[in-house]
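First the structure, then my questions, so here it is.
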Amino acid sequence: MEKIKGGFKRVPWSLWILGAILILGIFLRTYEFRDWMTFNPDQARDAILVQNMMKNDEWPMMGPQAGNKVFKVGPMFYYFEIISARLFGGTADKMAYADLLFSIATIFLVYFFFKKFFAEQISLILTFLFSISFFVVTYSRFAFNPNSIPFFTLLFLFSLLAILDNAPKEKLRWAVLLGIAMGIGFQLHTILYVSMPLLAVLTLGYLFVKKHFIWKSVLVALFFFTLVNAGQLTYEVENNGANIRSFFAGAKSSTESTGRNYGEDLSNDILCHIQAYTYIVSSLGSGDKCNLTNLAHRIEKKGIRFNSEKIAIAIFSTIFTLGGFILFWFYTKKEVDVRRKRALILVAVYCAIIFLILFSVSSSVSIRYFIAIEFMPFLLVGLWLHFFLDRTKRMFFSLCGGFFVMMLVVFNISTIRDAVAALENGTASTDNVAYYDEVEKISEYLLEHSNGSQTIYLAGKKSYLSRYGKPLEYFGKQQGVLVSKVYKPERITADDSFFYILKRISLKKKIPEVINGFTSEEAVVFGNVTIITLKKNP
């Protein structure tokens with residue numbers, strides 16, 4: 001017993017705190033995971049594809065389509081889903097376990113990453129903020145090919161730094177991880193398709209200039225990169241590089257748009273970074289599209305009195321982000337520790353690459369693109385805390401730092417609380433997002449009222465039909481029933497099971513008796529969604 005007590009006493013206090021942070025992070029990521037899982041058309045499409053792959057015992061050579069709808073990323077995301085489904089079960093929620101597990105592992109990884117820059121206390125604070133970030137938690141709770149990017153980005157940066165810092169024998173071990181991290185990240189999103197190889201080449205160039213030749217490490221990293229990308233590379237060889245040509249064609253069209261205003265694109269890129277960095281650490285502002293530019297235009301037209309709350313957020317965001325980068329430059333310049341300075345410069349180059357990539361597509365960037373630098377806003381928080389604690393009037397600035405951290409905690413917890421309330425009430429799904437349990441309830445209703453039909457036809461308002469059509473198709477498929485979207489209702493017969501989906505309407509009011517020439521028989525509300533049963537007159 002005394003030995004056990006002694007063992008507990010020898011455990012550093014920082015590990016106890018890290019353990020508590022990890023437990024909290026796991027809770028936020030796993031609580032009601034199945035029912036509250038985001039289940040949009042992309043998730044339903046991938047789940048159906050993976051089920052078909054498992055049925056046919058297939059391992060695809062390519063993955064999901066990228067934003068340009070022509071270029072495809074690598075198949076690793078599908079491999080993760082297939083492995084997860086084989087281990088835990090073949091349903092959509094079980095396929096998401098891989099992304100969930102990577103998100104939990106990222107909490108550990110981000111702690112050790114922050115320790116490269118900050119003291120123990122600040123690293124733990126940043127890890128805590130990372131674990132409760134609404135943005136980070138949200139992208140941990142469903143299956144999506146970018147969702148595991150934070151883990152492999154950090155592993156990639158860790159490996160590069162280790163190769164820069166360590167002895168030759170240790171470099172080879174890290175070269176293995178570098179090749180794997182880059183090989184997997186390369187397949188998860190087009191941003192990493194460019195940024196990871198480019199940063200690796202720049203690092204190699206730096207070592208070459210410094211006459212640090214590490215050809216063994218380079219060959220080892222290339223071997224594992226090629227091994228992990230075997231499927232994608234095989235596809236390119238068999239199809240004469242068709243996919244990579246699609247990538248360059250899409251990149252060329254996005255960068256050579258006629259009438260492009262580069263000044264406006266630069267402004268959009270900067271403002272989008274400001275908005276995203278603030279949202280990731282605090283959940284303030286919009287987490288969907290970059291809209292600070294629109295706000296600036298509205299303020300210009302309507303004056304400062306236009307929506308003071310949004311203006312206050314914009315001011316806070318600008319001070320936090322731009323001030324944070326000024327601190328980043330200042331501390332990098334004055335840093336005397338060679339390893340820490342090298343790490344700061346490496347992160348700066350990586351962020352610059354991401355900035356340039358997003359500049360090239362600034363008109364279509366959304367906040368989720370910043371998952372590729374998800375760690376960076378927290379690093380800026382760390383720099384602000386370091387700044388507060390480095391002042392001569394330590395007590396006052398310590399209080400400022402404490403207030404800053406508490407503010408970020410309150411903002412995130414408040415947003416999480418509101419999201420949980422909507423999910424508990426079954427009103428979280430809209431025409432912008434759908435959740436597993438709420439869609440499942442709609443599916444159950446359609447199946448119960450389809451009179452045993454093997455095909456259910458679904459029409460509706462465009463935004464709702466596109467949002468719920470594929471998820472409902474997934475649930476129908478689990479019961480052997482085809483749920484088919486209908487755009488030309490005149491083909492429906494009197495014997496068909498036909499439903500109409502739209503936004504929530506008040507059932508106290510009289511629903512339309514006729515929709516698209518069909519008689520309305522019954523209307524049922526599911527949260528923010530209404531389903532109307534339609535019948536064609538014989």
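Report, by residue number, each residue of segment 32-52 that is assigned to a helix (DSSP H, G or I) and among the aliphatic types (A, V, I, L, M).
Correct list: A44, A47, I48, L49, V50.
Specify which of the listed residues (F156, F135) is assigned to a helix (DSSP H, G or I), under 27 Å from E335 (Cβ atoms), touching a residue at least 40 places away in the same chain (Cβ under 8 Å) and of a type in the set (F, W, Y).
F156
Taking the options R141, R86, name whichever one is in the same structural domain as A242 (by TED's automatic domain parsing), within 19 Å of P41 (Cβ to Cβ) and of a type in the set (K, R).
R141
For segment 53-80, what are the residues that are in a loop (DSSP other than H, G, I, E, B), among the hydrophobic types (A, V, I, L, M, F, W, C) and under 16 Å from the mean Cα position of the chain (by Cα)?
Hits for segment 53-80 are A66, V73.
Which of (1) in contact with a strand residue (DSSP E or B) (Cβ under 6 Å, 6 or more places away or on another chain); (2) modelled with pLDDT of 95 or more does A428 not meet, given it meets every other one?
Unmet for A428, out of (1) in contact with a strand residue (DSSP E or B) (Cβ under 6 Å, 6 or more places away or on another chain); (2) modelled with pLDDT of 95 or more: (2).
On the given criteria, is F128 aromatic (F, W, Y) and either closer than 25 Å to M406 by Cα or part of a loop (DSSP other than H, G, I, E, B) (or both)?
Against the criterion (aromatic (F, W, Y) and either closer than 25 Å to M406 by Cα or part of a loop (DSSP other than H, G, I, E, B) (or both)), F128 qualifies.
Right, here's the next one. So for segment 358-372 (the condition being out of contact with any Asp or Glu (no Cβ under 7 Å at 6 or more places or on another chain) and without any contact (Cβ under 8 Å) to a residue 12 or more places away in the chain), does at least one residue qualify?
So far as segment 358-372 goes, no, none of its residues is out of contact with any Asp or Glu (no Cβ under 7 Å at 6 or more places or on another chain) and without any contact (Cβ under 8 Å) to a residue 12 or more places away in the chain.
Then there is this: P197 fails exactly one of the following numbered conditions: (1) buried (at least 16 other Cβ atoms within 10 Å of the Cβ); (2) under 24 Å from the mean Cα position of the chain (by Cα); (3) within 29 Å of S360 (Cβ to Cβ). What is the number of that condition?
Result: P197 fails condition (1) only.
Given the conditions (1) under 13 Å from I163 (Cβ atoms); (2) surrounded by 13 or more Cβ atoms within 10 Å (Cβ to Cβ); (3) modelled with pLDDT under 90, which single one is not true for T190?
For T190, the failing item is (1).
Have a look at D99, D165 and point out the one that is over 30 Å from R417 (Cβ atoms), touching a residue at least 40 places away in the same chain (Cβ under 8 Å) and in the same structural domain as F27 (by TED's automatic domain parsing).
That would be D165, the only listed residue that is over 30 Å from R417 (Cβ atoms), touching a residue at least 40 places away in the same chain (Cβ under 8 Å) and in the same structural domain as F27 (by TED's automatic domain parsing).
A follow-up question, please. Out of all the residues in segment 488-535, which are modelled with pLDDT under 85, in contact with a Gly (Cβ under 8 Å, 6 or more places away or on another chain) and of a type in the set (D, E, K, R)?
Once the filter is applied, which keeps residues that are modelled with pLDDT under 85, in contact with a Gly (Cβ under 8 Å, 6 or more places away or on another chain) and of a type in the set (D, E, K, R), segment 488-535 yields only E490.
So which pairs qualify, if the first residue must be in segment 38-56 and within 25 Å of A419 (Cα to Cα), the second must be outside any helix (DSSP H, G or I) and small (G, A, S), the Cβ gap must be under 6 Å, and the two must be at least 6 apart or on different chains?
F39/A434; N40/A434; Q43/A143
Now for a separate question. Would a scan of segment 172-181 turn up a residue that is of a type in the set (D, E, K, R) and in contact (Cβ under 8 Å) with a residue 40 or more places away in the chain?
no
Of all residues in segment 465-494, which are more than 21 Å from V524 (Cα to Cα) and of a type in the set (D, E, K, R)?
K477, K488, E490, R491
Still on this structure: Considering only segment 439-538, give the strands (runs of 3 or more DSSP E) lying wholly within it that have at least 3 residues that are touching a residue at least 40 places away in the same chain (Cβ under 8 Å) and surrounded by 17 or more Cβ atoms within 10 Å (Cβ to Cβ).
Those strands (runs of 3 or more DSSP E) span 455-460, 497-503, 529-535.
Turning to a different aspect of this structure: Could you say whether any residue in segment 308-331 is acidic (D, E) and within 26 Å of V201 (Cα to Cα)?
No, segment 308-331 contains no residue that is acidic (D, E) and within 26 Å of V201 (Cα to Cα).
Are any residues in segment 478-522 within 17 Å of I442 (Cα to Cα) and out of contact with any strand residue (DSSP E or B) (no Cβ under 8 Å at 6 or more places or on another chain), and if so, which ones?
Q478, Q479, G480
Step by step: first the residues of segment 200-229, then only those that are closer than 20 Å to F355 by Cβ and aliphatic (A, V, I, L, M), then the one that is surrounded by the fewest Cβ atoms within 10 Å (Cβ to Cβ). Which residue is that?
Filtering first and then ranking leaves V201.
Can you run down the residue pairs with Cβ atoms below 7 Å, 6 or more apart or on separate chains, where the first is in segment 213-237 and assigned by TED's automatic domain parsing to the domain that holds P60 and over 17 Å from M196 (Cβ atoms) and the partner is outside any helix (DSSP H, G or I) and polar (S, T, N, Q)?
Sorted first by the residue in segment 213-237, then by its partner, the list stays empty.
So is S308 surrounded by fewer than 16 Cβ atoms within 10 Å (Cβ to Cβ), under 25 Å from M196 (Cα atoms) and at pLDDT below 80 or not?
Taking the combined requirement at face value, the residue does not satisfy it.
The values are calculated or read from the model by the stated rules, or taken from the named source; none is laboratory data. Since the model is a prediction, treat every value here as computed from it, not as a measurement. Every residue, glycine as well, gets a Cβ built from its backbone with ideal geometry; the counts of neighbours run over all protein chains shown.
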